[in-house]
Amino acid sequence: MPPQSAPFPPAFIPGKTDALIVVDVQNDFLPDGALPVPKGHTIVPVINRLAHLPFGLIVTSQDWHPSDHISFKTNHQNGLWPPHCVADTCGADFPKNLHLPEHALHLFKGTQSDQDSYSAFGTQTKAGLLLDAVLKQHGITRVFVCGLALEYCVQATAMDAQKAGYTTVLLTDATQGLEANPSPALTACQAKGILLYSGLQLHTSC
Ligand code: VGL
Ligand code: ZN
């Protein structure tokens, strides 16, 4: 096994047709942020290591909301969330200690006041290309999903990926949820045929 693939057993070793999807690892979802995910910061070093593996493609999704976004309870009776990830604010930025390669592609969602998407399959590049099209363009057949928050954007992304026909692996050591107990979300994912891989934490100390 080549050394850079050490965290994965043979069946999960990433290669050219595999994408890493890093969902919403943004300051506002870290413990000091506007919509804090407890322990959200703990996945950053795990993702930094993943980003060195030979994935065919690394993509990020970012919540990128206008300040009058429909999901904000300050603006709308039906809004569920405190204002978070307002476009071009520091809350919407990546954490400073997240290190992704230059070639990673960055996609954005919830950019219109009246639209929201938990799933990264609702993201677009700055040029307006949807995630599914980006994956197809790169010949991706399998996706590894990680990020924040497990029960919302990560679960929705994994389920959309599986539905769209990608073999889908949820990296359980590289996600954190709003809830203390991840089991309901993980069980719901497994019920849809999403694979869970949980061997990463063992490999983050070196
Ligand atoms: C998210 C709530 C609102 C997430 C985004 O990234 O999980 N959750 N917007
Ligand atoms: Zn949001």
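Observations on the model:
- Proximal aspartates and glutamates to residue 39, defined as alpha-carbon separation beneath 17 angstrom and excluding residues fewer than eight positions away on the same chain: 24, 28, 151, 173, 179
- Length released on extending from residue 163 to residue 96, taking residue separation times 0.36 nm less the Cα-Cα span: 20.8 nm
- Two-site FRET efficiency, residue 87 against residue 42, from Cβ-Cβ distance with R₀ of 22 Å, rounded to 0.05: 0.25
- Residue-averaged [θ]222 nm for the chain, counting only DSSP H segments that reach four residues, each worth -39500 (n - 2.57): -4000 deg cm²/dmol
- Distance between the stretch 102-152 and the stretch 45-61 - C-alpha centres, whole angstrom: 14 Å
- For the residues 20, 195, 107, a GNM of the chain with alpha-carbon springs under 10 Å puts the largest fluctuation on 195.
- Loop-exposed trypsin sites (Lys or Arg not before Pro) per DSSP, neighbour cap 10 Cβ within 10 angstrom, longest uninterrupted part of the chain: 1-95
- Reciprocal of mean inverse Cα separation for the stretch 11-112 (Kirkwood radius, Å): 14.5 Å
- Length gained when the stretch residue 133-residue 73 is fully extended (0.36 nm per residue, less Cα-Cα span): 18.4 nm
- Computed Rg/Rh of the stretch 57-141, alpha carbon atoms with Kirkwood Rh: 1.01
- Antiparallel bridges, percent of DSSP beta bridges restricted to the chain (to nearest 5): 5 percent
- Estimated from the Cβ-Cβ distance and a Förster radius of 41 angstrom, the FRET efficiency linking residue 104 and residue 187 is about 0.85.
- Computed log₁₀ I(q)/I(0) - Debye formula, equal Cα scatterers, no solvent, the chain, q 0.16, 0.18, 0.19 Å⁻¹: -1.02, -1.32, -1.47
- Neighbour-count ranking [beta-carbon atoms within 10 angstrom, fewest first] of 81, 64: 81, 64
Each value in this text was obtained by applying a stated rule to the coordinates, not by laboratory testing. From a predicted model like this one, the values you see are computed outputs, not experimental measurements. Heads up, the Cβs are rebuilt from the backbone with ideal geometry, glycines too, and the neighbour counts pull from every protein chain shown.
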